[in-house]
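Please read the structure below before turning to the comments.
None of the figures in this text is laboratory data; all of them are computed from the coordinates on show. These figures come from a predicted structure and were not determined experimentally. Cβ: placed from backbone, ideal geometry, glycine included. Neighbour counts: every protein chain shown.
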Amino acid sequence: MSKVSRNFVIFKVNDLYCALDCLDVREIIRDTKHVKTICRSDQYISGVINLRGEIVSVMSLQKFFELKKQTKEQAIIVVTFDKEHIGFKISEILDVIEHDQNKVEACPTVPNGLKDEYINGVFEWHGELVTILSVKGIVSLEEVGVGA
């Protein structure tokens, strides 16, 4: 079996170790203080940011996943979905790695109550189980309130 590598951004949402495929990530913003709140938005929508002239919605992954414990969100990962951009507020950026695709496994059970359409697989990293999140599964038109 030949080795096929993928690059991932590894980060934490509270105590949950997560990853996104680098092909989905536009950029990482390490400052969350410029997020402006929006009136009457869903609980998990933190607000918007002005990203070099483009207004980008920002959602809190810990609120979206309805995690009980709330920790400080210290960074935003801007992802591309359907030619649009959206920011995910997260607790902490940990690393950017190259990982063997053959060592990614399907998720047998869904950790922390996450819906399985949000997950593309899991792998082990430094003794921790890392959940690969699906941008498509998280950011659907219904989830961000577009076209609803």
Semi-axes in Å, largest first, for the chain (Cα gyration tensor, √(5λ)) are 25, 16, 15
Treating only the Cβ of Lys, Arg, Asp and Glu as charged (+1, +1, -1, -1), what charge dipole size does region 5-138 show about its Cα centre? Round to the nearest 20 debye. 620
Relative contact order %, the chain, counting alpha carbon pairs below 8 Å whose residues are six or more apart: 27
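Using the structure shown, list the pairs from Lys3/Lys68; Lys68/Lys136; Lys68/Lys103; Lys33/Lys103; Lys3/Lys89; Lys33/Lys136 with a Cα-Cα distance above 29 Å, or answer none. Please list the in-between numbers first.
Values: Lys3/Lys68 39 Å; Lys68/Lys136 24 Å; Lys68/Lys103 31 Å; Lys33/Lys103 37 Å; Lys3/Lys89 32 Å; Lys33/Lys136 26 Å.
Pairs exceeding 29 Å: Lys3/Lys68; Lys68/Lys103; Lys33/Lys103; Lys3/Lys89.
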Which Cα, out of Gly127, Gly137, Phe64, lies furthest along the positive dipole direction of region 5-138 (beta carbon charges, K/R +1, D/E -1)? Phe64
